[in-house]
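The values are calculated or read from the model by the stated rules, or taken from the named source; none is laboratory data. Only a predicted model underlies this, so the values are computations on that prediction, with no experimental measurement involved. Virtual Cβ from ideal backbone geometry, glycine too; neighbours counted across all protein chains shown. Ligands, DNA and RNA are excluded from the accessible area calculation, which covers all protein heavy atoms including side chains. Shrake-Rupley method; radii C 1.70, N 1.55, O 1.52, S 1.80 Å.
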Amino acid sequence: MPEKDVAIVGVGSSDFRRLYADKGRPNDVYQLAAEAFRDALDDCGADKRDIDGLLCINIGYGRFGEMTGLTGPAFVHDLEGTGRMSGVALQEAYALVRSGTAEMVACVYATNGRTAGLKYGGGDADPAGAYDAMYGMTSTGAYVSMMYQRYSTLYGAPEDALAPLAVNNRANGARNPIAVFQKEISRDEYMDSRFIAEPLRKLDYCIINDGAVAFIVTTADRARGLRKKPVRVAATAGRAELSRSYISPDFYYSTSAAVAEELYKKAGMGPDDIDCMQVYDNFLPTILFTLEGFGHAPRGGAWEWVRDGRVELGGERPLNTSGGHTSESYMQGFALHVEAVRQLRGEAGERQVENCRTAQYMCVSPIVTSHVLVAD
């Protein structure tokens with residue numbers, strides 16, 4: 001049986017700004033998930049009875065299925081609540097649809113980190129990490145900070161090298177009505193923000209907020225009969241670089257370059273063909289590592305490449321047009337997929353990239369993933 005072309009046909013997401021502003025109201029993670037799933041179904045005009053594959057991330061499929069009445073899918077799977085899973089989830093949905101195992105797959109992610117008082121770091125270390133904890137290495141941010149210290153030393157990145165990325169994310173958030181942070185910042189405001197794990201500042205860190213995201217994946221043939229213009233998954237690729245800690249001596253460069261080579265070959269295009277980039281940015285140095293590993297910027301030179309408006313809206317290659325993880329929301333990569341779809345449909349309002357036909361999602365982490373999405 002020939003493999004099928006695959007498309008994203010429906011997306012749904014929370015109003016992150018409203019949820020963040022209403023700090024007195026606790027949010028149930030399953031209720032948030034059900035609302036995003038409902039919105040994704042409505043977005044494409046499908047019915048829950050059409051869903052025969054369900055991937056739940058950071059929530060359990062049993063409770064979610066019971067809550068939504070989605071009790072008879074042919075394939076279900078729970079994935080851990082980590083950022084690397086956003087790329088993995090789409091890859092799994094893509095494989096299910098492409099192989100014919102399922103025809104319409106819902107990927108649903110939700111978190112109530114703000115309600116639960118979640119802290120990224122500072123807690124009890126696992127036994128294997130106890131020796132790291134003695135030196136303050138109690139969070140992913142601390143590990144990324146150490147990588148960035150090495151990067152800065154090797155490549156001469158100055159103290160304000162990350163400022164253009166922070167400023168760009170906030171400028172894009174200011175154009176996004178559902179972004180948590182909607183006030184632009186200046187380079188000086190960035191430099192005045194306090195250190196969390198030096199050299200990383202508060203404005204280099206992702207948000208902790210509540211919300212949910214859902215997207216629906218199906219065959220390109222099925223997509224043509226649905227409500228919205230489909231967004232085709234032209235190619236996807238991934239590779240793991242597994243270790244106990246979130247550290248890669250070469251900043252995941254070799255792994256990212258291997259994924260990039262496979263991805264661009266499958267897609268029949270390269271970095272210069274990409275109109276819009278959505279880059280997983282749990283911490284801002286990750287963007288530099290990503291741009292270099294995927295061939296958008298020269299190795300060791302991404303901190304210079306992102307200057308002078310190149311990644312801003314209206315620039316050569318707009319980046320994280322929703323505001324990313326430091327301004328829109330921290331949905332661990334899932335909301336970046338939704339933003340890519342909205343850009344390719346021309347639905348991004350004030351932050352719309354002109355003539356956007358191709359978008360690339362990239363996640364550099366212990367599982368590196370990337371997709372090229374195209375407007376059909």
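The table for this structure:
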{"item": "Carbon + sulfur, % of accessible area of segment 1-127 - ligands and nucleic acids excluded, 1.4 Å", "result": "45 percent"}
{"item": "Net charge dipole size for segment 210-255 [Lys, Arg +1 and Asp, Glu -1 on Cβ; Debye, nearest 20]", "result": "460 debye"}
{"item": "Inter-probe distance in nm under a simple model that places probes 7 Å from Cα toward Cβ, at residue 254 and residue 18", "result": "4.9 nm"}
{"item": "Viscosity 0.692 mPa s, 37 °C: Kirkwood-radius Stokes-Einstein D of segment 198-250 over Cα pairs, µm²/s", "result": "199 µm²/s"}
{"item": "Highest average packing first - 34-47, 147-160, Cβ atoms within 10 Å", "result": "34-47, 147-160"}
{"item": "Helix axis angle, 84-99 relative to the chain longest principal axis, alpha carbon, degrees", "result": "30 degrees"}
{"item": "Rough spin-label spacing in nm, given labels placed 7 Å along Cα→Cβ, for residue 25 and residue 307", "result": "4.5 nm"}
{"item": "With every protein chain in place, segment 204-290: carbon and sulfur % of accessible area (1.4 Å)", "result": "47 percent"}
{"item": "Theoretical ellipticity at 222 nm over the chain - DSSP helices of four or more residues, -39500 (n - 2.57) apiece, nearest 500", "result": "-10000 deg cm²/dmol"}
{"item": "Residue 261 accessible area, 1.4 Å probe, all protein chains in place, Å² to nearest 10", "result": "140 Å²"}
{"item": "Computed lengthening from residue 273 to residue 261, 0.36 nm per intervening residue step minus Cα-Cα distance", "result": "2.9 nm"}
{"item": "Helix axis angle, 163-173 relative to the chain longest principal axis, alpha carbon, degrees", "result": "30 degrees"}
{"item": "Whole-Å distance, taken between Cα centres, linking segment 221-281 and segment 1-25", "result": "19 Å"}
{"item": "Integer Hz, Karplus 6.51/-1.76/1.60 couplings in order for segment 211-221, x for Gly and Pro", "result": "x, 8, 9, 9, 9, 10, 10, 8, 6, 4, 5"}
{"item": "Percent of beta bridges antiparallel (DSSP, the chain, rounded to nearest 5)", "result": "70 percent"}
{"item": "Contact order relative to length of the chain, as percent, for alpha carbon pairs under 8 angstrom and 6 or more apart", "result": "24 percent"}
{"item": "Nearest 10 degrees, 0 to 90: helix 29-44 Cα axis against the chain principal axis", "result": "60 degrees"}
{"item": "Cα-Cα over 21 Å, subset of 4/265; 23/48; 183/228; 23/183; 183/229; 48/228", "result": "23/48; 183/228; 183/229"}
{"item": "Cut-off 18 Å (backbone N to label point 7 Å along Cα→Cβ of residue 240), residues of segment 70-105", "result": "77-93, 95"}
{"item": "Accessible surface, per residue, of the chain when the full set of protein chains is kept, probe 1.4 Å, Å²", "result": "40 Å²"}
{"item": "Total charge dipole magnitude, the chain, about the Cα centre, Cβ charges on Lys, Arg, Asp, Glu only, Debye to nearest 20", "result": "380 debye"}
{"item": "Segment residue 133-residue 99, length gained on full extension (0.36 nm per residue, minus Cα span)", "result": "7.8 nm"}
{"item": "Residue among 368, 330, 313 farthest towards the positive dipole end of segment 233-376, charges placed on Cβ", "result": "368"}
{"item": "Quarter of Cα convex hull surface for segment 1-148, i.e. mean projection, nm²", "result": "12.0 nm²"}
